[in-house]
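A short write-up of the structure that comes next.
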Amino acid sequence: MTDTVSHVPRRTIPFAQEAGGALAIAALGAVGYFLFPDDLAFLTRLIGISFLVLSLDLVTGFCGIATLGHAAQFGVAAYAAGIACVRGVTDPLALLGIGIFAGTLMGLISGALIARFRGLPQLVLSIAVGQLVAALANKLQWLTGGSDGLSGISPGKVFGIYNFDMYSRTAYLFSLAVLIVVFVALTRFVRSPFGLMCRAIKDDDLRAKMIGVAVYPRLVIMYGVSGAVAGVGGALTAMSTGVVGLDSVAFERSAEVLVMLVLGGAGHLWGALAGTVIFMIFEHIVAAANPFHWMTLVGVLLIGIVVFAPRGLIEPVLSLFARFRKGRAS
Amino acid sequence: MRLALSILTDAVAYGMALFIISIGLSIMMGLMRVVNLAHGAFAMIGGYLASYAIRDLHVHYSVAILLAVVGTILVSIPFELLLYRRIYRKSDPLIQVLMTIGITFLIIGVMNFIFGPSLKTIALPPLLSGPLDIGFRSIPTHRLFVIACGLVTALALWLLIEKTEFGIKLRASVDHSGMADALGIRTEIIYAATFALAIGLGAFGGVVGAEILPIEPFYALRYMVTFLVVVSVGGAGSIMGALSASMLLGLADTTGKYLAPEFGEFFFYLTVIFIVFLFPHGLFGRSHA
Amino acid sequence: MTNLLEARNVSLAFGGLKVTNDVSFKLAAGDRVALIGPNGAGKTTLVNLITGDLAPTAGHFFMGDDDITSVSIPERVQRGLVRTFQTTRLFANLTVADNVALAVMQRKGISKRFFSSSTELPEVRAEWREILGNLGLDRLAYRKVIELAYGQQRLIELAIGLALRPKVLLLDEPAAGVPHDEAPKILDAINALPADIAVLMIEHDMDLVFKFAKRVLVLSAGRLIFEGSPKDVTADHEVRRAYLGSYADARRVD
């Protein structure tokens, strides 16, 4: 093994990676828009969920926190945006802001409880927090609509111009645009000093303490950021579907997004998107036919991933990419 | 007063049902360090087998229990050989969570395919159905049966673990696995036997607790979290822990459901958060290095 | 002159067993102290007590005039108390550059930034390049740590320690497990440490001890049984008793 510099990550063009990512998503989005104009409602929902999966990636893929309660951030933001809209706030950007705020708050609270421990206690706490929020959503019927859900959410025009139409065109394009912005920001964020430190904490948190890092506050802050991202998704989903139900805070939702993340591959951001797309499309097709067959399929899929591809499906793709770039550099 | 007694009997019966099912998981988590979210699924299989045995094979309740336990253990063997062995003692709970959620989904799908989506009742024998007069009050006989089963299980397990050779080897493997290996204790056999024990207990609990925890395909998902929580709160590997956690949580949940039903499981999970924060490794657990 | 680090009557007891028994010592600027003792004497335990990994059941630690006994681990590091690990603990999936850069950024207080790309900040880059260069590791900068040879990993442990600009550096067996031909590199690096810091090194390799230490502390069964110059160590009666001839090639002073 020769001791040569194997890979210099110096970017010759600033923001090249971010621009590439934005273009890729925009291209995929265009494919969806033009090839499946009748399924835009489904695709919009898909984008909404992808925010939650991205947010889960931040805490699980980048910080190594095992959580089965992440839907709480999403659901709380969806309810917050929905309730605000029903009570008169109709500007979509304002609703987005409310969702971000609510998601961040929930994220900080969750983080404060969950990041306190590692391993099994952490997992159990995450479940408990998620279930607590779910129970609360059910109880506060006057606010959330309880098991009937919150309906009649009709947001106003985007930028005062674009109405949310019946074919979900506005919803889709709006969500897509927000996804691009958020994804670019996250790409930048995970390579920041803060992001790198979180990855280090995931590798060895004692080591991180030994270089003077107060681990717990960092993780809580990361949870807050994660909550913000989930909040975006929650608000967008509330706006585009017009309803918010208990399913947005259910344990099943938390488990589902974990599956999506692991399917795609945690720790790469792209894995989160890939996993969401693959899972949701399969669900759309198979679950409509027979929900129990879908369960069996997901079960087999999960077992398969753990046994054969624990780092997710996108890992081979990304390493191919990396080798390509390394080959170019030398 | 009448209400308090109702709450108490229901809570204790519910707690005992939880205990019988969860103690298997507790032992498994204590020994093999597996976060087995599929434990409820195996308990469910036990319930399904018993229901089928009584309904279609027309056997007596006690025979049905036996068939259910043995049948579930047999079904679990391929899972243990092919899948669980890969995740024993892995330090990352995420992999275990994913694998066992996958197994749960698989079992739900297959159970539904075989038995259909409807709720399955397990017909009680005349001896156990109906109320029992204990002097100042009538209590459903079945509740007492469940409580009795729970106590017998706890005692039997205690005897097994403290007084038998298997129990000694089990404890050695939990506390000092490397040492146990060196002493020639075949840990894979201990693991397999423990796994069978855990599954058997789960199936047993699934059958006797079927009045309280009804058998239908989503049972595995509905109570997945509950059993895990009981074990975590009590401390993995501790009979006393599982017992006290089951009782405590059974009480919290039942009281909540009687007095403030709209709150659902709010108080249950609030208790959980409280306890986990104070005792991260459970009330009777020990932290493992 | 205030001491950079002082331990005063520190004890750690588990039930009736005193793992660390009434230990007191002082480290001043420029000190080069070796901590030796038979296996099981409690050397790593003592280091864990100093860093805050373990809390003493009696006694206090001071840095300068400040009592740091109840100060958290990260805070002690921020005050200049740094240790390296006996079994290498690095951020395995990150590159060498990342590992050192993180320490630099943490020290400079910029590790909380949400934006700006981490390792490529000019001032950070200059620093980690210099540190790695001094240790002859700069060609490995962009390799993942898990891909490196063990001896190289030990050097990176040292690099991280240096990046934190410690006032007191605790080295836990820095040459442990390093192949014999790579050990001189480690020694060179240790000898090139800034003159004004205090260094406490746990070592079994007596050659290394004699080449490095100006003072030696001997720990046996949790107690400090000797403190003095390397020359006098081997002659001391108590020390000989503790080791009971396990130092066949120790230098004898007749």
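For this structure, a couple of remarks:
- The angle between the Cα long axis of helix C:122-134 and the longest principal axis of the Cα atoms of chain C comes to about 50 degrees, rounded to the nearest 10.
- Charge dipole of the protein assembly as shown (Cα centre as origin; +1 on each Lys and Arg Cβ, -1 on each Asp and Glu Cβ, all else neutral): 800 debye, rounded to the nearest 20.
- Take each residue in A:99-106, count the other chain C-beta atoms within 10 Å of its C-beta, and the mean is 0.
- Under 13 Å, Cβ to Cβ, from B:Val272 - net charge with Lys/Arg +1 and Asp/Glu -1: -2
- Protection proxy ranking of B:17-26, C:170-179, A:16-25 - average other beta-carbon atoms within 10 Å, highest first: B:17-26, C:170-179, A:16-25
- Legend: translational diffusion of the stretch A:7-150 by Stokes-Einstein, Rh = Kirkwood radius over C-alpha pairs, 37 °C, 0.692 mPa s; D = 186 µm²/s.
- log₁₀ of I(q)/I(0) at q = 0.06, 0.10 Å⁻¹ - the protein assembly as shown, Debye sum with one point per alpha carbon: -0.49, -1.19
- If you take the alpha carbon atoms of the stretch C:1-113 and fit the smallest convex hull around them, that volume is 147 Å³ per residue.
- Taking the convex hull of Cα positions in chain B, its mean projected area over all directions (nm²): 15.7 nm²
- Summing charges over neighbours of C:Leu169, with a neighbour being any other residue whose Cβ is under 12 Å away from its Cβ, gives 0 when K and R count +1 and D and E count -1.
- Its residue count N sets the reference 2.2 N^0.38 Å, and the alpha-carbon radius of gyration of the stretch A:247-330 equals 1.26 times that reference.
- Share of Cα-Cα pairs in the stretch A:179-326 lying beyond 22 Å, as whole percent: 52 percent
- A cut-off of 5 Å between modelled amide H atoms, ignoring neighbours fewer than 5 places along the same chain, links C:Arg83 with C:Leu170.
- Per-residue shielding of C:102-111, expressed as the average number of other chain Cβ atoms within 10 Å of the residue Cβ, stands at 5.
- For the stretch A:16-250, the relative contact order works out to 43 percent when only alpha carbon pairs closer than 8 Å and six or more residues apart are counted.
- Value at 222 nm in deg cm²/dmol, rounded to 500, when DSSP H runs of n ≥ 4 in chain C each add -39,500 (n - 2.57): -9000 deg cm²/dmol
- Principal-axis analysis of the Cα atoms of chain A puts helix A:16-35 at an angle of about 40° to the longest axis.
- Ellipticity estimate at 222 nm from DSSP helix runs (n ≥ 4, -39,500 (n - 2.57)) divided over chain B, nearest 500: -23500 deg cm²/dmol
- Packing-based order for A:92-105, A:169-182, C:125-138, using average beta carbon neighbours within 10 Å, highest first: A:92-105, A:169-182, C:125-138
- Placing a label point 7 Å from the Cα of C:Ala126 along the Cα-to-Cβ line, no residue of the stretch A:157-201 has its backbone N under 19 Å from it.
- Remark: relative contact order (chain C) = 27 percent; criterion is Cα-Cα distance under 8 angstrom and separation of 6 or more residues.
- Shown in residue order for the stretch B:54-60 are the 3J(HN,Hα) couplings computed by the Karplus curve 6.51 cos²θ - 1.76 cosθ + 1.60 at θ = phi - 60°: 6, 6, 9, 9, 6, 9, 6 Hz (x for Gly and Pro).
- For the stretch C:57-175, the alpha-carbon coordinates run over 46, 35, 23 Å along the three principal axes, in decreasing order.
- Histogram of C-alpha separations across chain A, 10 Å bin width, %: 6, 25, 35, 24, 8, 2, 0
- Computed [θ] at 222 nm, deg cm²/dmol, chain A (DSSP H ≥ 4; -39,500 (n - 2.57); rounded to nearest 500): -24000 deg cm²/dmol
- Taken over the Cα atoms of the stretch C:88-142, the convex hull encloses 90 Å³ per residue.
- Chain A: angle of helix A:169-190 to the longest principal axis, Cα-based, in degrees nearest 10: 30 degrees
- Rounded D (µm²/s) - the stretch C:5-243, Kirkwood Rh over Cα pairs, Stokes-Einstein at 25 °C, 0.890 mPa s: 132 µm²/s
- Short-range pairs are left out: with C-alpha atoms under 8 Å and at least six residues apart, the relative contact order of the stretch A:17-135 is 27 percent.
- For the protein assembly as shown, the antiparallel share of DSSP beta bridges with both residues in that region comes to about 60%.
- Among the residues of B:269-282, the average count of other protein chain beta-carbon atoms within 10 Å of the residue beta-carbon is 5.
Values quoted throughout were computed directly from the atomic coordinates according to the rules given, and no laboratory measurement underlies them. Since this is a predicted model, take the numbers as computed values, not measurements. In this analysis, Cβ positions are derived from the backbone assuming ideal geometry, glycine residues included, and neighbour counts consider all displayed protein chains.
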